[in-house]
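Colleague: My structure is below; once you've seen it, I'll send some questions.
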Amino acid sequence: MFSIGMDSVNQHIIPLDGLGETEHLFRFRADDAFFQSYDKGEIKGGEVDVKVILTKKKTSMLLNFDLSGTVKLTCDRCLELYDQPIAISDEILVNYGDETNFDTNSDAVTLSRDANEIDISEFIYEYSHFALPIAHYHPDDANGNPTCNAKMMELIDKYKVEETEKTEDAIDPRWEALRELKNNNN
Ligand SMILES: [Zn+2]
């Protein structure tokens, strides 16, 4: 198996010219700049190692992805960013066709047979999101206590109480707390 290191390259492109019909290993890294270059999605940054094994065949290739690292998410409890560990493995079949069509919801995509490279950015981005847990919380410490921002939690609790007292106002107490925190910092 051939191995090409691409750690220093902040691009996520596999060159296809001259690849023989065998397995090839490529390594990439998705960093803060990568995740921040998208304005959709829940991931606000991260350090994710990406290993891709490309198995080239005559009329198709199979891409095996292996992602592991941490991504930055907004905590649902205190609204601060925290590091969420992720790990996911998946594969996608790339068929050669007339036009490139990456529908990342399907198990197979089409790459123009004239293409001399394949940009795997979209796959890395989508797989990173597939790997997320349903709940986004700061982890608990060794004693089982949440490691959330204590000041934010205090404010949120305070507004929760006030909100239950005046039910007609439906502002999310967490945002109200965030606003107060921002005002105090001014
Ligand atoms: Zn938190």
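The values are calculated or read from the model by the stated rules, or taken from the named source; none is laboratory data. Since the model is a prediction, treat every value here as computed from it, not as a measurement. Neighbour counts are summed over all protein chains in view; Cβ atoms, including those assigned to glycine, are modelled from backbone coordinates with ideal geometry.
Colleague: Just to be sure before I move on: is residue 97 touching a Leu at 6+ places or on another chain (Cβ under 8 Å) and surrounded by fewer than 17 Cβ atoms within 10 Å (Cβ to Cβ) in the structure I sent?
Modeller: So residue 97 fits the description; yes.
Colleague: Are there any pairs, at least 6 apart or on different chains, whose C-beta atoms fall under 9 Å, with the first in segment 118-136 and farther than 24 Å from residue 18 by Cβ and the second among the acidic types (Asp, Glu), and if so, which?
Modeller: Every condition considered, the pairs that remain are 127/90; 129/42; 130/90; 132/42; 135/76; 136/42; 136/76.
Colleague: Just one of (1) among the β-branched types (Val, Ile, Thr); (2) away from the ligand (no atom under 16 Å from the Cβ); (3) at pLDDT 90 or above trips up residue 167, so point out which.
Modeller: Every listed condition holds for residue 167 apart from (3).
Colleague: OK, next. Within segment 69-76, is there a residue that is at pLDDT 95 or above, within 13 Å of residue 120 (Cα to Cα) and more than 16 Å from the ligand (Cβ to nearest atom)?
Modeller: no
Colleague: Now, a different point. Report, ordered by the first and then the second residue, all pairs with beta carbons closer than 8 Å, sequence separation of six or more or different chains, a first member in segment 150-164 that is away from the ligand (no atom under 13 Å from the Cβ), and a second member that is not in a helix (DSSP H, G or I).
Modeller: 163/169; 163/171
Colleague: For the structure I just gave you, tell me whether residue 73 is aliphatic (A, V, I, L, M) and under 17 Å from residue 48 (Cβ atoms). Break it down stepwise before answering.
Modeller: Working: aliphatic (A, V, I, L, M): yes; under 17 Å from residue 48 (Cβ atoms): yes.
Spelling it out, residue 73 is indeed aliphatic (A, V, I, L, M) and under 17 Å from residue 48 (Cβ atoms).
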